[in-house]
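Report on one structure; see the data block that follows.
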Amino acid sequence: MKKQKIISGQGRVIRSTGNSYLIRTEKGDSLDCVIQGKFRQKGSRDTNPVVVGDVVSYMIQEGLVTGVITAISDRQNAIIRKATNLSRYAQIIAANIDQAVLVLSLTAPETPNEFIDRYLVAAESYRIPVYLIFNKTDLYDGALLERMKNMIRLYEEIGYKGLTTSAKTKLNLGELKNILQGKISLISGNSGVGKSTLVNLLDPSLNLATSEISTYHKAGKHTTTFAEMHELYFGGYVIDTPGIRGFGLAHIAKEEIYHFFPEIFKKAAKCKYYNCYHVNEPGCAVIKAVKEGEISQTRYQNYLNMFLDEDLKYRK
């Protein structure tokens, strides 16, 4: 009997659906793959061993249409959060990205302030640049517009770039296009903030799924059901993911959280004690800076909430 030829190569994961993966090979072809069982048996605390953005090795038997992922290359970075209802496990949202684009809304639905800071901490832990996109500005009245301006000013002083957008009025779509062009970008946000709608306006050929806000819950409905990387006609890639309702920290020791608040980390160098956690220690330069208005009270409170999160002991 003639032995079947085995073809092997490398590619990048561009779609993840349960235990099935679509990869783009080095030749530019698309190939459906599954993973070997060993990836699930390494004692990993991640719910998904292979994620969109991963560079993987594969093999496929000649004549078959489904390959097998045999190895995963080391990741340059990743955005990771606590898995929903599985506090001891983590979900890797995407890997090997150039930047993260967090789409926010101050109404219909409102993006919680602590959600923003938790996401930023996760990105900072891998030194991933983040753009904050304040969407749905056509719905903002005077008070919301003032709040948005204050938030943009706060985050830009820390080092994060902000952009105001509106799918309805097409505000600043050119600037958003420039941000995405030539990069691998992870697009994230709560359900219903309009991230898929914005991407569709920039590249209508993608036709990403969208839906209206739930009138009962005043929150977004999940329309994207799995992570997928899309090539933009003007250059670059976007990774569209299901809307996120909560963002628990993962793979970060609680003692290290302040490292990922740039303004807190900067002040921490002046604390009296080198092992200060900036909670209630004497001689804490961070607490002093908060009292004097040099550090946002809201950001500091969000830091405390993360530090005092008992669940973090599972995610070191």
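The values are calculated or read from the model by the stated rules, or taken from the named source; none is laboratory data. Note that the coordinates shown come from a computational prediction; the quantities given were computed from them, not determined experimentally. Virtual Cβ from ideal backbone geometry, glycine too; neighbours counted across all protein chains shown. SASA here: full protein model, heavy atoms, side chains in, ligands and nucleic acids out. Shrake-Rupley method; radii C 1.70, N 1.55, O 1.52, S 1.80 Å.
At a glance:
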{"quantity": "Flag if PRO242 is under 30 Å from GLY174 (Cβ atoms), open to solvent by 30 Å² or more (accessible area, probe 1.4 Å), part of a loop (DSSP other than H, G, I, E, B) and not aromatic (Phe, Trp, Tyr)", "calculated": "yes"}
{"quantity": "Members of region 94-150 found to be part of a helix (DSSP H, G or I) and more than 21 Å from ARG245 (Cβ to Cβ), listed by number", "calculated": "GLU124, THR137, ASP138, GLY142, ALA143, LEU144, LEU145, GLU146, ARG147, MET148, LYS149, ASN150"}
{"quantity": "Output for region 247-300, where each listed residue is part of a helix (DSSP H, G or I) and open to solvent by 80 Å² or more (accessible area, probe 1.4 Å)", "calculated": "GLU256, PHE265, LYS266, LYS288, LYS291, GLN297"}
{"quantity": "Yes/no for VAL56 being crowded, with 20+ Cβ neighbours inside 10 Å and under 19 Å from the mean Cα position of the chain (by Cα)", "calculated": "no"}
{"quantity": "In region 62-94, the residues that are on the phi < 0 side of the Ramachandran plot, modelled with pLDDT of 75 or more and either loosely packed, with under 14 Cβ neighbours inside 10 Å or hydroxyl-bearing (Ser, Thr, Tyr) (or both)", "calculated": "GLU62, LEU64, VAL65, THR66, THR70, ALA71, SER73, ASP74, TYR89"}
{"quantity": "Residue, modelled with the lowest pLDDT, within region 27-58, restricted to residues that are assigned to a loop (DSSP other than H, G, I, E, B) and in contact with a Lys or Arg (Cβ under 9 Å, 6 or more places away or on another chain)", "calculated": "ARG45"}
